[in-house]
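Below: one structure, written as structure tokens.
The values are calculated or read from the model by the stated rules, or taken from the named source; none is laboratory data. Note that the structure is predicted; figures quoted are calculated from it, not measured. Please note: Cβ atoms are built from the backbone with ideal geometry, for glycine as well, and neighbour counts cover all protein chains shown. For the accessible areas, the whole protein counts, side chains as well, though only heavy atoms, and no ligand, DNA or RNA atoms are used. Shrake-Rupley method; radii C 1.70, N 1.55, O 1.52, S 1.80 Å.
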Amino acid sequence: MTETTLAITVAAIVFGAALVSSVAGFAFSALAGAALLHVLEDPVRTVGVMVTCSLANQGYAVWSLRRAIRWRALLPYVGGGLPRVPPGVWLLTHAPAAAFAAALGSLLIAYGVYL
């Protein structure tokens, strides 16, 4: 796949995931990640694209709502999430791409069945 084709494909995936997650209100990374893992075939690069796009999307939303947010109420969530970052980064850099994609797909299917 040429660089131009790859860039257009990644942009289309990000656009589609952003469109669907805007309607649903969540799941940008799950939607984009499932497709990007098959296109980019590198979990680290895929997560980099997902994090960048997700931060931009969520940053815009937070900036729009910044006056209505109770920042102290968010501390338990930040405290709960921070200890999970190092193991997640380790797993991301050491897990085979195929296993990572299969696990993410299985999680999405299980979540869909649960709902």
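Data for the structure
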| read-out | value |
| --- | --- |
| Fully extended contour minus Cα-Cα distance, from Leu92 to Gln58, at 0.36 nm per residue | 10.0 nm |
| Ile109-Arg72 pseudo-label distance in nm [points 7 Å out on the Cα-to-Cβ vector] | 4.7 |
| Mean projection area, nm², convex hull over Cα of the chain | 8.7 |
| Computed [θ] at 222 nm, deg cm²/dmol, the chain (DSSP H ≥ 4; -39,500 (n - 2.57); rounded to nearest 500) | -26500 deg cm²/dmol |
| Simple spin-label estimate for Glu41 and Thr9 in nanometres, 7 Å along Cα-Cβ | 0.9 |
| Where trypsin sites (Lys or Arg not before Pro) fall in DSSP loop in region 12-115, at most 11 other Cβ within 10 Å | Arg70 |
| Per residue accessible area of the chain, 1.4 Å probe, in Å² | 73 |
| Contact order relative to length of the chain, as percent, for alpha carbon pairs under 8 angstrom and 6 or more apart | 28 |
| Accessible carbon and sulfur surface of the chain relative to its total accessible area, %, 1.4 Å | 72 |
